[in-house]
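What follows is a single structure, written as structure tokens, with notes after it.
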Amino acid sequence: MKKPIYPIVQRKKSYLKCINCSDIIISLHRHDFRTCSCYENDSHTTGCFVDGGDDYFRIGYSKENMPASGYGLFEIDYNKGKFRYLEEVPNEEQTTNTDAPTGG
């Protein structure tokens, strides 16, 4: 049985940006553990990791190296497990409508 071939898609996802190596990392699916390049090369004493895809957002980093986080648009190739950062976008879940009437 052949594996299904998925189209390359553009999706909005939460990401981490390492302050040491400037890598941007995302987790594509559940249990997709990803690390930045300095985390892999420095015995896990610097850098950061991310896991969980869209199911949960688990991150890790050393105290001195807290990564920046954001919400961006990515081009994702699920067949190869690769992605490319396109641009920063607002997170609809975190924005509020300031034109909405307030109670009172």
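Table: residues versus (1) part of a loop (DSSP other than H, G, I, E, B); (2) more than 20 Å from GLU87 (Cα to Cα); (3) modelled with pLDDT under 90.
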site	(1), (2), (3)
LYS2	yes, yes, yes
ARG11	no, no, no
LEU16	no, no, no
TYR39	no, yes, yes
THR45	yes, yes, yes
PHE49	no, yes, no
ASP54	yes, no, yes
Tell me whether the stretch 28-40 contains one or more residues that are touching a residue at least 24 places away in the same chain (Cβ under 8 Å) and touching a Phe, Trp or Tyr at 6+ places or on another chain (Cβ under 7 Å). yes
Condition check: free of Cβ contacts under 8 Å to residues at least 40 places away in the same chain and either under 21 Å from GLU88 (Cβ atoms) or touching a His at 6+ places or on another chain (Cβ under 6 Å) (or both). Does GLY47 satisfy that? no
From the list MET1, MET66, which residue is aliphatic (A, V, I, L, M), over 22 Å from GLU92 (Cβ atoms) and without any contact (Cβ under 8 Å) to a residue 24 or more places away in the chain? MET1
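The values are calculated or read from the model by the stated rules, or taken from the named source; none is laboratory data. What you see is a predicted model, and the numbers here were worked out from it, not measured in a lab. Using ideal geometry, Cβ is built from the backbone for each residue, glycine included, and neighbour counts are taken over all protein chains shown.
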